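**Q** Once you've had a glance at the structure underneath, I'll fire off some questions.
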């Protein structure tokens, strides 16, 4: 398990872009299960959409990528430094199945398929109350910036 304080030490993201609230399960180097509590106070709901607020699909993918990054850092027994960034390299087979609304708890799951030379491929899914909201294969690259 990982609480918000440890997440803040592992991820460089901050409000309003930190999209993981808690890690509830982690199987080192294999899989992670994390939570994103979706509230009406999220800044994106003001414009997406005012009459029927739904979480943007790209932010659901970003939440999955953040959970996957936590799995990567845990697998390597590492913490990111100020000169390390974790980029999307590819998003494949993304399928959106259910809207995510204020009050939902998004359960984020990522399984590490393979890693090589700082490039990680994951099978990911996010659900609400056991109902699939989005699934995708994500490829992320860890790079040093100067």
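Just so it is clear, none of the values below were taken in a lab; they were calculated from the coordinates. These numbers come from a predicted model, not from an experiment. In this analysis, Cβ positions are derived from the backbone assuming ideal geometry, glycine residues included, and neighbour counts consider all displayed protein chains.
**Q** Among 49, 120, what is the fewest-to-most ranking by other Cβ atoms within 10 Å?
**A** 49, 120
**Q** Can you put 82, 104, 3 in order, fewest other beta carbons within 10 Å first?
**A** Starting with the residue having the fewest Cβ neighbours, the order is 82, 3, 104.
**Q** Ok, one more. Given an 8 Å cut-off on Cα distances and at least 6 residues of separation, report the relative contact order of segment 4-144 as a percent.
**A** Answer for segment 4-144 is 27 percent.
**Q** Can I ask one more? Could you line up 137, 131, 109 from fewest to most neighbouring Cβ atoms inside 10 Å?
**A** Lowest count first: 131, 137, 109.
**Q** Can you give the helix-only mean residue ellipticity at 222 nm for the chain, where every DSSP H stretch with n ≥ 4 adds -39500 (n - 2.57) and the sum goes over all residues, rounded to the nearest 500 deg cm²/dmol?
**A** After summing the helix terms and dividing by the residues of the chain, the value is -5500 deg cm²/dmol.
**Q** For segment 4-144, what is the convex hull volume of the alpha-carbon atoms per residue, in Å³?
**A** Here the figure is 105 Å³ per residue.
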